[in-house]
1. Could you check region 87-193 for strands (runs of 3 or more DSSP E) lying wholly inside it with 2 or more residues that are of a type in the set (A, V, I, L, M, F, W, C), touching a residue at least 60 places away in the same chain (Cβ under 8 Å) and in contact with a Phe, Trp or Tyr (Cβ under 8 Å, 6 or more places away or on another chain)?
2. Is there any pair linking a residue in region 49-66 that is in contact (Cβ under 8 Å) with a residue 12 or more places away in the chain and outside any helix (DSSP H, G or I) to one that is surrounded by 14 or more Cβ atoms within 10 Å (Cβ to Cβ) and of a type in the set (K, R), with Cβ under 6 Å and at least six apart or on different chains, and which?
3. For region 137-155, which positions are surrounded by 21 or more Cβ atoms within 10 Å (Cβ to Cβ) and either among the basic types (K, R) or touching a Leu at 6+ places or on another chain (Cβ under 6 Å) (or both)?
4. Going by the conditions given, is P132 modelled with pLDDT under 95 and touching a strand residue (DSSP E or B) at 6+ places or on another chain (Cβ under 9 Å)?
5. For region 180-200, give me the residue count where each residue is of a type outside the set (D, E) and either surrounded by fewer than 12 Cβ atoms within 10 Å (Cβ to Cβ) or modelled with pLDDT under 95 (or both).
6. Of the residues that sit in region 99-130 and are in contact with a Pro (Cβ under 6 Å, 6 or more places away or on another chain) and of a type in the set (S, T, Y), which one is surrounded by the most Cβ atoms within 10 Å (Cβ to Cβ)?
Amino acid sequence: MSRVRIHNFTISLDGFATGEGQALDTPFGHAGHRLHQWMIATRFGRQEVLGESGGTEGVDHVMAAQHGPGIGAEIMGAGKFGPPGWQDDPEWRGWWGDNPPFHTPTYVLTHRPHPPLEMEGGTTFHFLDAAPADALEVARDAAAGQDVRIGGGPTMVREFLAAGLVDHVHVVQVPILLGRGVRLWDGLEALEQQYDVEAVTTPSGVTHLTFTR
C-alpha cells in the first residue's frame, strides 16, 4: 500500500505553523514569510516555489527536495487553498497562479464543495467534504500506487496525525517565536511513541525532525 507523507511542514520554536490574522495579503498571518525563509533560500525553493535559478544546495535543499518524488496525490485543507472566504469568490483558483507546484490530483477538504479546477502542469484541484480516512481513500485511488502527501494547514495535519493515518512526517523547526496562531502539536501527546524520530540541525539554524512509522 502507498505511504502517507508530510514534507517541509514548518513550525516556530513555540509550535505555531501559521500566525494569527490569515488574509489575502497575509497567507501566514502575522508570521509573514519568516517560517519559510529557510526553504526559499534553497535551490528547491528557488526553482519550485519562485521559479528562479540559484539557491543553496546543502542539507536544507536535500531535505526540501524530498517533497515531490513518489507523490501521486495531495490532500490539503481549505485554509491552505485560500484565505478566509475564498469559497464565496467564484474566480479564486488558489494562491499559486496557473501552474501550481503540485503536478498531481490535489484534494481540498472543505464543507462547501466546488467543481474541479484543472490547472496547468498536471494539477487538478478537487473539493471534498469528507473525513480524513475517507479523503485518503479517494486520494489513494487517484495516486495509482504512489504515495499521498498531506499538505496542511496545521489543523488538518493534526487531524490526520490524531487518526493514525500518516507514515512519514518531516517537520522543520525554525528559530523564531510567534506567540500566537495555530499550533501543530496540541492534543498529540506521546505521538513520538508511534515513530522512530531523528533530528538534524543545519547551519541555517533550522532543525529537521523526521518521524518514520
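The values are calculated or read from the model by the stated rules, or taken from the named source; none is laboratory data. Since we're looking at a predicted model, the values are computed, not measured. Quick reminder, even Gly has a Cβ in these numbers, built from the backbone with ideal geometry, and neighbours come from all protein chains shown.
1. It comes to 168-173.
2. What qualifies is G55/R43; G55/R46; E57/R43.
3. Selection gives R149, P154.
4. Numbers: modelled with pLDDT under 95: no; touching a strand residue (DSSP E or B) at 6+ places or on another chain (Cβ under 9 Å): yes.
No.
5. Adding up the residues that qualify gives 4.
6. To start, the set of residues in region 99-130 that are in contact with a Pro (Cβ under 6 Å, 6 or more places away or on another chain) comprises 119, 123-124, 126-127, 129.
Remaining after also requiring of a type in the set (S, T, Y): 123-124.
Values: T123: 20, T124: 15.
Here the answer is T123.
A quick yes/no check of all residues on (1) buried (at least 17 other Cβ atoms within 10 Å of the Cβ); (2) not aromatic (F, W, Y):
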position: G19; (1), (2): yes, yes
position: D25; (1), (2): no, yes
position: F28; (1), (2): yes, no
position: G32; (1), (2): no, yes
position: A41; (1), (2): yes, yes
position: S53; (1), (2): no, yes
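Yes/no matrix, rows are residues, columns are (1) farther than 28 Å from V138 by Cα; (2) modelled with pLDDT of 95 or more:
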| site | (1), (2) |
| --- | --- |
| A23 | yes, no |
| H30 | yes, yes |
| H33 | yes, no |
| V49 | no, no |
| G54 | yes, no |
| E57 | yes, no |
| D60 | yes, yes |
| E74 | no, yes |
